[in-house]
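A short worksheet on the structure shown next.
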Amino acid sequence: MNELEDIKLKVLLQKLELEKPDNDFTLRVMNRVVVEDNALEQIKAQKVLGKGFWIILVLFVILLAAIFIMSQTGTAAEGTETVLPKLNSEMSQGINSVLGKMGMVPISVAGILIASSLLLFIDRFITSNTKMFV
Amino acid sequence: MEYKDDNYYVEMVKSGQTAQYSYIVDKYKNIVFSIAMKVLKNREDAEEMAQESFIKAYKSLHTFKGSAKFSTWLYRITYNTCISELRKRKVHFTSTEEVQIKDEAQEMNLDGIPEENRAVVIKEAMSRLPEDEYTLVLLYYFEEQSIDEISRVTGLSESNAKVKLFRARKKLYTILNEIMKDELYTIL
């Protein structure tokens, strides 16, 4: 098959009338594009960490702070002139103390934390599945 | 309305101007639908798959880097979507009516086709080609895609695409010959 015939075939095929979809085809595609966009936006808007997580975190920080303060009460009465030179050693002592007290957190406090976590988890689970029962 | 380069619209859509995607859909809807129609042989299914192809392309537009032509990328998505749909339905991708290539096919004089009948004759001839060969001829002659681009769309190797295109061209000539003979008999 020579090149000229190939060119002629190309010219002939350029006259080919393609099949056409319905008139509203573009509109339907664009409607679906909008739906896809909205779905994507919803996924993006969903918070990875829920409210419950932040409540637990705040409670935990408060608990840590309380333990730390309680551990320092014995040394609070000391004179302020000795505070600055002792800062470094007190910092490390403080950290050690907090870590030490962590091991002695009363079972009741731990129980409260676990219970509140459980309640929050149940609350989230029920909320997320509400749609199933509507 | 002045049509700009495909990449211009692609970049606009990527930057959040979703409405610009309608230019791309408008430009390519007929060829995408034609490929889907040829493979699926049903108007409703073809519309659904053509739509699906455009949505898939939209969703993965961020992966299109512009190293190849946008049309090549879109046709590959269309082709794969239609073939996957056929596989789902467990329909084999073969022609129902195999055209026998004849020696005289090479002697076909395209100038012999009357000007006023050309569009009808070529449409009829193309409709008789099997799905894969129709796609090859359509992309090479109508869309003026290179062998490299066609091999990217169809997943064939370049040499295989060349061989298949050669065979498809011969078949097309055979069909055109048959149509012209039939027309001649009708006139006589």
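The values are calculated or read from the model by the stated rules, or taken from the named source; none is laboratory data. Treat the numbers as computed from the prediction; the structure is a model and nothing was measured. Neighbour counts are summed over all protein chains in view; Cβ atoms, including those assigned to glycine, are modelled from backbone coordinates with ideal geometry. Keep in mind that these areas ignore ligands, DNA and RNA; they rest on the heavy atoms of the full protein, side chains included. Shrake-Rupley method; radii C 1.70, N 1.55, O 1.52, S 1.80 Å.
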Original post:
What is the average number of partner chain Cβ atoms found within 10 Å of a Cβ in A:26-34?
Top reply: 6
Subject >> segment A:27-37 - phi-based ³J(HN,Hα) in whole Hz, Karplus 6.51/-1.76/1.60, Gly and Pro as x >> reply: 4, 5, 4, 5, 4, 5, 4, 5, 4, 4, 4
**OP:** Divide the volume of the convex hull of the Cα atoms of segment B:105-155 by its number of residues and quote the answer in cubic angstrom per residue.
**Re:** 97 Å³
Subject >> Heavy-atom SASA rank of B:Phe54, A:Phe53 (probe 1.4 Å, accessible area, largest first) >> reply: A:Phe53, B:Phe54
Original post:
Given H placed on each backbone N at 1.01 Å, which residues far from A:Glu19 in sequence or on other chains put an amide H within less than 5 Å of it?
Top reply: B:Ser34
**OP:** Would you please put B:73-85, A:22-34 in order of how densely packed they are, using the mean number of other Cβ atoms within 10 angstrom per residue and starting with the highest?
**Re:** B:73-85, A:22-34
Subject >> Per-residue HN-Hα couplings for segment B:69-86 [Karplus 6.51, -1.76, 1.60; θ = phi - 60°; Hz; x = Gly/Pro] >> reply: 5, 4, 4, 4, 4, 5, 5, 5, 4, 4, 4, 5, 4, 5, 5, 4, 5, 4
Original post:
Do any trypsin sites (Lys or Arg not before Pro) in segment B:1-45 lie in a loop, going by DSSP, with at most 14 other beta-carbon atoms within 10 Å of their beta carbon, and if so which?
Top reply: B:Lys4, B:Lys41
Original post:
Given 10 Å bins starting at zero, what is the percent of C-alpha pairs of segment B:9-94 in each, up to the one with the largest pair distance?
Top reply: 17, 50, 25, 7, 0
Subject >> Accessible area, probe 1.4 Å, largest first, for residues B:Met126, A:Met70 >> reply: A:Met70, B:Met126
